[in-house]
1. Could you tell me whether the stretch 186-198 includes any residue that is modelled with pLDDT of 95 or more, over 19 Å from the mean Cα position of the chain (by Cα) and away from the ligand (no atom under 16 Å from the Cβ)?
2. Output the number of residues of the stretch 149-167 satisfying the condition of being within 12 Å of the ligand (Cβ to nearest atom) and of a type in the set (Val, Ile, Thr).
3. Quick one: residue 425 ticks every box in (1) surrounded by fewer than 20 Cβ atoms within 10 Å (Cβ to Cβ); (2) within 16 Å of the chain's Cα centre (by Cα); (3) hydroxyl-bearing (Ser, Thr, Tyr) except a single one, so which number is it?
4. Against the definition (in contact (Cβ under 8 Å) with a residue 60 or more places away in the chain, under 30 Å from residue 64 (Cα atoms), buried (at least 16 other Cβ atoms within 10 Å of the Cβ) and within 16 Å of the ligand (Cβ to nearest atom)), how does residue 113 come out, yes or no?
5. What number goes with the only condition from (1) of a type outside the set (S, T, N, Q); (2) closer than 30 Å to residue 18 by Cα; (3) surrounded by 23 or more Cβ atoms within 10 Å (Cβ to Cβ); (4) away from the ligand (no atom under 16 Å from the Cβ) that residue 207 does not pass?
6. Can residue 124 be described as in contact with a strand residue (DSSP E or B) (Cβ under 9 Å, 6 or more places away or on another chain), buried (at least 16 other Cβ atoms within 10 Å of the Cβ) and at pLDDT below 95?
7. For the condition away from the ligand (no atom under 16 Å from the Cβ), at pLDDT 95 or above, within 18 Å of residue 132 (Cβ to Cβ) and more than 21 Å from the chain's Cα centre (by Cα), what is the one hit in 63, 78?
8. Residue 178 versus (1) in contact with a Phe, Trp or Tyr (Cβ under 9 Å, 6 or more places away or on another chain); (2) closer than 27 Å to residue 378 by Cα; (3) more than 16 Å from the ligand (Cβ to nearest atom): which is the lone unmet condition?
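The values are calculated or read from the model by the stated rules, or taken from the named source; none is laboratory data. Because the structure is predicted, anything quoted here is derived from the model rather than measured. All Cβ positions, even for glycine, are placed from backbone atoms using ideal geometry, and neighbour counts span all protein chains on display. SASA here: full protein model, heavy atoms, side chains in, ligands and nucleic acids out. Shrake-Rupley method; radii C 1.70, N 1.55, O 1.52, S 1.80 Å.
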Amino acid sequence: MTKTLLVLLFAFTVQAEPPDFAAQTKSFRETLTALVRADTTNPPGNEGRVVKLIAARLKKEKVPYTIIEFAPGRQNLVARLKGMGGKKPLLLLAHEDVVGTKDQKWSVADHDVTEKDGYLYGRGVIDDLGMATLNLETFLAIKKSGVKLQRDLIIAFTGDEESGGLGIQYLLKNNPELINAEIALNEGGGIVLGPDDKVKSVKLGVAEKIYVDLEFKTTGDTGHSSRPKPNNSIYRLAKALDRLANYKAEERLIPVTRAILKAQANLEQPPLKQAMLTLANSKGKLPESSLKVLRADPVWSAILKTTCVATMLSGGTKTNALPAEARANINCRLLPDETPDQMRERLIKIVNDAKVDVQIVGEHSSGPASPENGVVPSAIRELIREGYPDTPVIPTMATGASDSLYLRAKGIDAYGFDPLAVSESDLMREHGVDERFRISSIQPALELNYKLVLKLAQ
Ligand SMILES: [Zn+2]
């Protein structure tokens, strides 16, 4: 390597002054308060309100941005900080909409931010306006610092995450170049505080089960119910459902679920601890005695297999008419290495009746798990080791779905990691009453997010 090249490299990697995190904490609180007050309860969403606030801030800081309307009054916003193009971009994603508070009895104003007993309360402070604010502040701090980035840094704010992800889907379909990235950070994991408010563990979302609805439909001869005919659509459907009810789904481990069990075992007590370790290290057939222990817990049972369950039923139109048609909705949650089409084929075999029509309902995305040992997990592990020694980083697979699912389906390695530390019990308040997090979590989150983004993008 020539001397000039070395000097050049040094110039590119030189550290800029770190931001004033105390000032940033103040700005974080102001931004979060404004976003919560915007009230983006979904439905209807009204995400344009949050977009307006973020756009005003970006304009003030002279950052260009793109607004994409996916429905009237409902918008996504994307902005980019150019890097040198040495690597593909890093995307910081957060959603703008929040879950409603109707019929919930809050002890403070729901769509405002209230400081009480060292906490900030308000709908969305955790899910997901806290992360939206954090991403915005980090993005602006990095711009201000003038640090040279290897990758472009993209921030995206999407709507409708809480009702199926219309915002991200629209973006990926119509403007995919805006958020095309190699890696992404999103909600769905993060720093977990124990009951003593000390950092207990870090959950890193690497995969999500795939949500898919299928419909069983049967048809039969109609006519007057006083003259029954052999071809009854309800009986036929009932038989199909009975076969599904008696079907035992195969329990199996994939690399990501093995890694989850191995890491999670550190936090568990016997006999669950031992069962998890035995399964994680097993070769060939999974040992029945360990499976039994996990099956006793619905959460751990769901990690072992794809699940399908009948959730809705309809048929017939009149009490005295033979039913022309009967339908059942089957809700499936697939392990991430399967596809909805494979599931449909399997259900057709289970039902084993050519006269039962099995169809996938609605649009679905499926994507593989993000690599459990990729650049993002390595960077997070390293920073956690530095900041919170001896804290386990546990990979997780969500049984629900977030916007990450759509990113993974497009080949973007998305990870669930929110640096804003929240206690286990406060996490339970998401979507519920008195959503809150500790004020003392803000500054460490800003510092960690800044370091993480630099580590990944510089
Ligand atoms: Zn969320």
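1. yes
2. Residues meeting the conditions: 1.
3. It fails just one condition, (2).
4. When the stated conditions are applied, residue 113 does not pass them.
5. (2)
6. Here the answer is no, as residue 124 does not meet what is asked.
7. Numbers: 78 fails: more than 21 Å from the chain's Cα centre (by Cα).
The unique qualifying residue is 63.
8. (1)
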